[in-house]
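Heads up, the thing below is written out as structure tokens.
The values are calculated or read from the model by the stated rules, or taken from the named source; none is laboratory data. Everything numeric here is computed off the predicted structure, so don't read it as measured data. Cβ placement follows ideal geometry from the backbone for every residue including glycine, while neighbour counts extend to all protein chains displayed.
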Ligand SMILES: C[S@@+](CC[C@H](N)C(=O)[O-])C[C@H]1O[C@@H](n2cnc3c(N)ncnc32)[C@H](O)[C@@H]1O
């Protein structure tokens, strides 16, 4: 069998049946990205598996895998969070699926289409070795990364883009949670961050009670499982990091005199997105970037039982762009990021 671990960032082997495991947002984003099309998807969550399709690809119960010969098949696990991916790997191993041989994760599956988009929007060739390191660090990190390995890799590449174009200014992450994305960025981009302050904004206790009216379908009790002392310990060796603990409505004031090369927003909700963009866009330097996670198609219909995507971020970003001049947009559905670039 070919070794997809080595070549997974290039192309899948020809002639194999590609099957996606998952029929939620990750599956939708992989299909929208559109480089490879699985013959079918299997789902253990979709209540109507067997009777529905996602973007034209049939969704079947997991038992459909039993009819396939693992030697002739590649299963792609279409889930964003590494804990979910690991659980599915564990289920597939006894069925003859081995990671790197006939089993691959979302990040490797979508690397090539992300690379095409980076070339198109940023004239940038993505660094495969950097991807491999970020991917590996996300398998072994103690903190939970909600940006995903491919997303963290994209942020690292965007920082290198700022370095290469001489875009000066500080860097911010709004929505840090346990700090996993920020930590990987610090480890992988020391040269970009050496002369800049990295501002990390979070309540470190979950969403603000003032936010969420526009996202009523979204559970609002997430992200409370954070120990701030663990976060402080994680960043204690980095002199260029400032932790801004509190709700954005109170803490963004502290950087109103700063200039930003890149501000990364990952806090899910409409109100927080709107507040962040209004406070920080004027602080972004010419050619600088504001990056938003969870920018998704607001009309997407997922099979019954799959978690609905958030809509608040897309709504806030679209509203802002429709009333603001001088914003170029680059969308990366592989990671659900949208990059706003300030015209000079
Ligand atoms: C999706 S998590 C961030 C994940 C992190 N970027 C990562 O990649 O692992 C969202 C975070 O946003 C924070 N958050 C949401 N709304 C906020 C607000 N209005 N003020 C401060 N923090 C907020 C939550 O506390 C939570 O930790």
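General observations
- Scanning the stretch 306-324 for residues that are without any contact (Cβ under 8 Å) to a residue 12 or more places away in the chain and more than 26 Å from residue 220 (Cα to Cα) returns 322, 323.
For every residue, the table says whether it meets (1) within 16 Å of the ligand (Cβ to nearest atom); (2) within 30 Å of residue 225 (Cα to Cα); (3) assigned by TED's automatic domain parsing to the domain that holds residue 74; (4) modelled with pLDDT under 90.
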{"position": "102", "(1), (2), (3), (4)": "no, no, yes, no"}
{"position": "136", "(1), (2), (3), (4)": "no, yes, no, yes"}
{"position": "143", "(1), (2), (3), (4)": "yes, yes, no, yes"}
{"position": "147", "(1), (2), (3), (4)": "yes, yes, no, no"}
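- Of all residues making up the stretch 335-344, the number that are in a loop (DSSP other than H, G, I, E, B) and either in contact with a helix residue (DSSP H, G or I) (Cβ under 8 Å, 6 or more places away or on another chain) or under 20 Å from residue 146 (Cα atoms) (or both): 2
- Residue 275 fulfils the conditions (1) touching a helix residue (DSSP H, G or I) at 6+ places or on another chain (Cβ under 6 Å); (2) within 20 Å of residue 155 (Cβ to Cβ) except for a single criterion, (2).
- Subset of the stretch 314-332 (residues that are in contact with a helix residue (DSSP H, G or I) (Cβ under 7 Å, 6 or more places away or on another chain) and under 22 Å from residue 287 (Cα atoms)): 316, 317, 320, 327, 329, 330, 332
- Restricting the stretch 256-280 to residues that are within 21 Å of the chain's Cα centre (by Cα) and surrounded by fewer than 21 Cβ atoms within 10 Å (Cβ to Cβ), the residue that is nearest to the ligand (Cβ to nearest atom): 271
- So residue 298, is it away from the ligand (no atom under 16 Å from the Cβ), surrounded by fewer than 20 Cβ atoms within 10 Å (Cβ to Cβ) and within 22 Å of the chain's Cα centre (by Cα): yes
- Which numbered condition residue 259 fails, given (1) within 24 Å of residue 336 (Cα to Cα); (2) in contact with a strand residue (DSSP E or B) (Cβ under 7 Å, 6 or more places away or on another chain): (1)
- Test: residue in the stretch 282-294 that is surrounded by fewer than 22 Cβ atoms within 10 Å (Cβ to Cβ), within 20 Å of residue 176 (Cβ to Cβ) and in contact with a strand residue (DSSP E or B) (Cβ under 8 Å, 6 or more places away or on another chain): yes
- Breaking point among (1) within 16 Å of the ligand (Cβ to nearest atom); (2) under 21 Å from residue 31 (Cα atoms); (3) crowded, with 24+ Cβ neighbours inside 10 Å, for residue 77: (1)
- Residue list for the stretch 149-202, restricted to those being in a helix (DSSP H, G or I), under 14 Å from residue 261 (Cα atoms) and within 12 Å of the ligand (Cβ to nearest atom): 155
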